[in-house]
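Taking it in order: structure first as structure tokens, then the write-up.
What follows is calculated from the coordinates using simple rules that are stated; it is not laboratory data. Since we're looking at a predicted model, the values are computed, not measured. When we count neighbours, we look across all protein chains shown, and the Cβ atoms used for this are built from the backbone with ideal geometry, even at glycine.
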Amino acid sequence: MDESVGSIPPRLQEIVEEFSWCEGREKLELLLEFSEKMPPLPERIRARRDEMDQVHECMTPVSVYAEMDDNGGMGFYFDVPPESPTVRGYAAILAEGTQGATPEAILSIPRDFYLQMGLHQVLSQQRMNGMAAILAHMKRLAVKKIKSKETP
């Protein structure tokens with residue numbers, strides 16, 4: 001199956017293009033910028049921290065909470081330790097890039113979309129697996145949201 005088939009939400013595509021224009025070390029610097037600008041959890045979610053999903057496939061402890069907005073779009077909120085800037089950067093990219101996207105749009109993101117960013121040129125495959133694991137978990141949460149809409 002061709003993993004490039006699918007579509008990327010517009011903001012995520014902008015982020016992918018921004019990374020693709022960078023070279024070498026610039027890619028890492030941009031990833032760290034995303035890591036540093038990842039917002040803290042909103043109070044309403046901090047109060048429900050025990051309801052956050054764990055992304056067990058990541059070596060770094062990653063928690064995620066998904067919610068629907070009034071327009072049928074999703075929002076993902078991540079809790080990733082600051083001492084894990086690479087994974088924190090992945091989470092920040094995915095949260096920002098998919099903000100407001102429908103569950104169906106989340107499901108259509110190719111699982112290897114991040115290869116277009118060129119990060120595999122400067123990071124090990126093991127580190128790149130973190131991005132794939134987070135996206136896979138987001139897709140599972142999107143499926144849950146679709147199923148909950150279908151249940152009367």
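Sorted fewest first by neighbouring Cβ atoms within 10 angstrom, 124, 7, 108, 35 come out as 124, 7, 108, 35. Normalising the Debye intensity of the chain to I(0), with uniform scatterers on Cα atoms only, and taking log10 at q = 0.11, 0.19 Å⁻¹ returns -0.40, -1.23. Based on C-alpha pairs under 8 angstrom that are at least 6 apart in sequence, the chain has a relative contact order of 33 percent. Mind counting lysine pairs for me in the chain? Cα separation below 27 Å, and the two need to be 8 or more apart along the chain or on different chains. Close lysine pairs found across the chain: 5.
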